[in-house]
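Here is the structure we will look at.
Only the coordinates and a few stated rules stand behind these numbers; no lab work does. None of these values were measured; they are calculated from a predicted model. Virtual Cβ from ideal backbone geometry, glycine too; neighbours counted across all protein chains shown.
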Amino acid sequence: MSNMKNIVVLVSGGGTNLQALIDAQARGELGNGKITCVIASKADAYALTRAENNGIKTRTLIRKDYPDIASYSKAMKDMLTEEKADLIVYAGFMTILDEQVCNAFPNKMINVHPALIPSFCGKGFYGLHVHEAALAKGVKVSGATVHFVTAECDAGPIILQKAVEVEKNDTPETLQRRIMEQAEWKILPLAVKLFCDDKIKVLNGVTVIE
Ligand code: GAR
């Protein structure tokens, strides 16, 4: 296909969301997009092994090699430019980047968050902490959100959301797993396909999907 969009995936951990993207690509379900590079913020991220197993280029940009968020963000911006990224996907990427990066790639970065934004999001709400907070509040429904990344953490335009029931004996781990299986692994690849097929517009801070 002509004009394929280069998808660069940012990871920090296990990479099950990356795996969902790889599997969707293998089924021909990423539309006009192709995963061209995976960048990890941690050298031991298992997500890197998943990429290598599938012949995808990997790079690392280790957060603790940089003194502050500004210098790390600058290095990330340069790496994404080098990789000619058309779409940048945060798939369990646990480092907050500053506005230089989203300003360089406006409405071209998307994140998957394991809750129904605006609940249980923002600084400190990542990974299992999100599900601990949801269970502590006693919510009966949680879920996942895919949204554009802006300078404000977890506050960019919402693209897709999917609700998931909380069950009586849920632990943070069981709730996390159900939200991944029933929501994240479905709506992340779908949002990527919609983006790569130019189906998402942003109007006054709100997305419109064709
Ligand atoms: C996922 O649940 C993802 O939504 C969450 O971390 C997990 C990563 O798992 N991301 C955040 O909390 C970002 N704020 P994975 O490495 O297996 O995809």
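Considering Cα pairs under 8 angstrom that are at least six residues apart, work out the relative contact order of the chain and quote it in whole percent.
That works out to 21 percent.
Can you tell me how much longer the chain between Glu181 and Met4 gets when fully stretched, taken as 0.36 nm per residue apart minus their C-alpha distance, in nm with one decimal?
Result: 60.9 nm gained on full extension.
What does the C-alpha gyration tensor say about the overall shape of the stretch 93-210? Classify as rounded when a/c is under 1.5, otherwise prolate if a/b is larger than b/c, or oblate.
Prolate, since a/c reaches 1.5 and a/b exceeds b/c.
Starting from the Cα gyration tensor of the stretch 58-150, multiply each eigenvalue by 5, take the square root, and state the resulting semi-axes largest first in whole Å.
Working from the Cα gyration tensor, I get semi-axes of 28, 15, 11 Å.
How far apart, in nm, are two points set 7 Å out from the Cα along the Cα-to-Cβ line at Leu128 and at Lys201?
If labels sit at Leu128 and Lys201, their model points lie 4.5 nm apart.
Work out, step by step, the length gained on full extension between Ile96 and Ala155: first 0.36 nm times the residue separation, then minus their alpha carbon distance; give nm to one decimal.
Roughly 20.0 nm would be gained on extension.
Sorting check: for 106-115, 35-44, which peptide has the highest mean count of neighbouring beta carbons within 10 Å, and how do the rest follow?
106-115, 35-44
Suppose the chain between Lys140 and Ala26 were pulled fully straight at 0.36 nm per residue; how much longer would it get relative to their current alpha carbon spacing?
Gain on extension, Lys140 to Ala26, equals 37.6 nm.
At a threshold of 8 angstrom on Cα-Cα distance, excluding pairs fewer than six apart, so keeping six or more, what relative contact order does the stretch 27-84 reach in percent?
Relative contact order, the stretch 27-84: 30 percent.
Kindly identify the chain as rounded, prolate or oblate by the Cα gyration tensor criterion: order the square roots of the eigenvalues as a ≥ b ≥ c, call it rounded if a/c is under 1.5, otherwise compare a/b with b/c, prolate if a/b is larger, else oblate.
rounded
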